[in-house]
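Right, one structure below, let's go through it.
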Amino acid sequence: MFVKKIRLKNYRGYDELELSFDQGINILSGDNAQGKTNLLEAVYYCSSGRSHRTTKDKECIYLGREEALIKITFQKSAGREEQIEIHLKQSGKKSLAINGYPARRINDLFGRLHVVLFSPEDLSLIKRGPAERRKFIDMEICQVDPVYLYDLQQYYKVLRQRNQLLKDASKDRNYPTYAEKIQAVKETLFAWDAQLVSYGVKVMKRREEFVSHLQEYTSKIHQTISHKTEEMKLIYQNFVPMEKAAFQEILEKEIEQDLRYGMTSSGPQHDDLVILINGTDVRKYGSQGQQRTAALSLKLSELSMMKEEIGEAPVLLLDDVMSELDENRQKQLTEYVKDHQTILTCTGVEDSIRLLPVGAHFHVKAGKVTEVKDE
Ligand SMILES: Nc1ncnc2c1ncn2[C@@H]1O[C@H](COP(=O)(O)OP(=O)(O)O)[C@@H](O)[C@H]1O
Ligand SMILES: [Mg+2]
C-alpha cells in the first residue's frame, strides 16, 4: 500500500501544500518545529480519523483560519487509486469524503489506508502508564476491526453515563436514608450495567485475542533483535473476569465504593499489557536499554502482524526515531523499512539514513516542502 499524493490547506503550519511521494523510502529532513511531524500527522489522520498527538481537532487548523483540509490519494497493491478528503472546521464539525462520496461517520475511514506510526514516545511505551498501552492495543485493533471500534465506543459511552449517574447520586441529598439511596442507585444502574458488561466482555475478549496473536510475532522478532539472548512475552492483564455474570457481580459488590468516588472502580478501562523479558516484568525490573528494545520489538511486531492481516505492507511513518536508536537497533529497523513505503523524518540525514535506498528526499522549512535532488 502506498500514499501517492497529499494536499493540505490550512493544516497546522501549512498554508497550502501539494506533495507526491515515492513508493519506496521518503525522507523529510529539516530543523525542529518546521512541520515534519505535522505532515506525518496528516497522513495518520486519514487512516484513523484522528490525530495521534491531540484529541482537539481545532489544534490542527492553522491558527486564525476557519477550516483545514487534508486530501490524500493512495493505492493498495492490487487496486484502484483511492482518495480520502477530510475537512476540519473551527465549529468542531468535521466532514469526510471517500473516493468523492461524502461519508457520514468518521469511522467509515477505518480499514482503508493502513499506516503504522512510530515516534519517540513509542520507545517509552513500556515506561509509561497503562493508558498508553491500552491506546496502543486499541488503535491497532481498530485499524483492522470496525466492530471492535463500535464496541469500544459503546463501552466508553455507557461508562461515562454510569459515572455521571454515580456522581449525581453521590451529591444528591434528597434521600431520607443512605440505604434508600443505595437502593435507588442500584435500580437505576441495573439497565446500564447489563450494557456495560456486555460491551466490556467483548472488548476484553478482543484485546486478549489481539495480544496473544501479537505475541506470536513478538516472540520471534525479539529473539532476532536480542540475538537469542532474551525471551519476550506479552500478557494481557484484565482486572475483571471476561464473563458477563462474574463482571456484573463485581459491579454490584462495588456499588457503595463507586458511589463514594462518583465513578466506576472496575472494568476494562483499567486493562494493561505486561511485558516479560526472561520471565520478569521489564517495566518494573528492566534496564532502560531493555525497555527500549522491547518497545522496538513490539512496534515491529505490530507492523508484521498488520501486514499479514491486511495482506499487504502498511505505510510506515517513522517520526524522528532513527536518532533515538543505537546502531544495532537502527539496523534492525531498517531491515523492515525496505519492505514498506516509508515516510521518515529526521533533523539531520545521518549515515544510517543515507545508506538506505532513498526514493525521494524532501526538505521541510517553515511549512514549505521542497524536493532535494542530486546529493
Ligand atoms: N494550528 C497551527 N497553526 C499554525 N501553526 C501551527 C499549528 N500547529 C502547529 N503549528 C506549527 O507547527 C510547528 C511544529 O511543527 P512540527 O511538525 O511538530 O515540527 P517538526 O518539524 O519538529 O516535526 C510549530 O512551529 C508550530 O508553530
Ligand atoms: Mg517532529
**Item:** Checking residue 11 against (1) touching a helix residue (DSSP H, G or I) at 6+ places or on another chain (Cβ under 7 Å); (2) over 28 Å from residue 348 (Cα atoms), the condition it does not meet
**Value:** (2)
**Item:** Failed condition for residue 161, given (1) open to solvent by 30 Å² or more (accessible area, probe 1.4 Å); (2) within 30 Å of residue 311 (Cβ to Cβ); (3) not aromatic (Phe, Trp, Tyr)
**Value:** (2)
**Prompt:** What residue, among those in the stretch 1-30 that are within 16 Å of residue 45 (Cα to Cα) and hydroxyl-bearing (Ser, Thr, Tyr), is nearest to the chain's Cα centre (by Cα)?
**Reply:** 11
**Complete:** Subset of the stretch 224-246, residues within 16 Å of residue 329 (Cα to Cα) and open to solvent by 50 Å² or more (accessible area, probe 1.4 Å), comes to 224, 227, 228, 229
**Residue ranges of strands (runs of 3 or more DSSP E) in the stretch 31-133 with at least 3 members free of Cβ contacts under 8 Å to residues at least 12 places away in the same chain and away from ligand 2 (no atom under 16 Å from the Cβ)** = 101-103
**Message:** Looking at residue 174 and the list (1) out of contact with any helix residue (DSSP H, G or I) (no Cβ under 8 Å at 6 or more places or on another chain); (2) in a helix (DSSP H, G or I), which single condition is not satisfied?
**Reply:** (2)
**Prompt:** Could you say whether any residue in the stretch 37-44 is more than 15 Å from ligand 1 (Cβ to nearest atom) and either within 23 Å of the chain's Cα centre (by Cα) or charged (D, E, K, R) (or both)?
**Reply:** no
**Item:** Residues (open to solvent by 60 Å² or more (accessible area, probe 1.4 Å) and of a type in the set (D, E, K, R)) located in the stretch 87-112
**Value:** 89, 93, 94, 104, 105, 112
**Request:** For the stretch 308-345, name all the residues that are away from ligand 1 (no atom under 16 Å from the Cβ), within 23 Å of residue 74 (Cα to Cα), in contact (Cβ under 8 Å) with a residue 12 or more places away in the chain and not polar (S, T, N, Q).
**Result:** 309, 310, 312, 313, 314, 315, 316, 336, 337, 338, 339, 340
**Asked** Does at least one position in the stretch 62-77 carry a residue that is among the aromatic types (Phe, Trp, Tyr) and surrounded by fewer than 14 Cβ atoms within 10 Å (Cβ to Cβ)?
**Response** no
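The values are calculated or read from the model by the stated rules, or taken from the named source; none is laboratory data. Since this is a predicted model, take the numbers as computed values, not measurements. Here the Cβ is made from the backbone with ideal geometry for all residues, glycine too, and neighbour counts use every protein chain on show. Just so you know, the surface numbers come from the protein's heavy atoms only, side chains and all, with ligands and any DNA or RNA stripped out. Shrake-Rupley method; radii C 1.70, N 1.55, O 1.52, S 1.80 Å.
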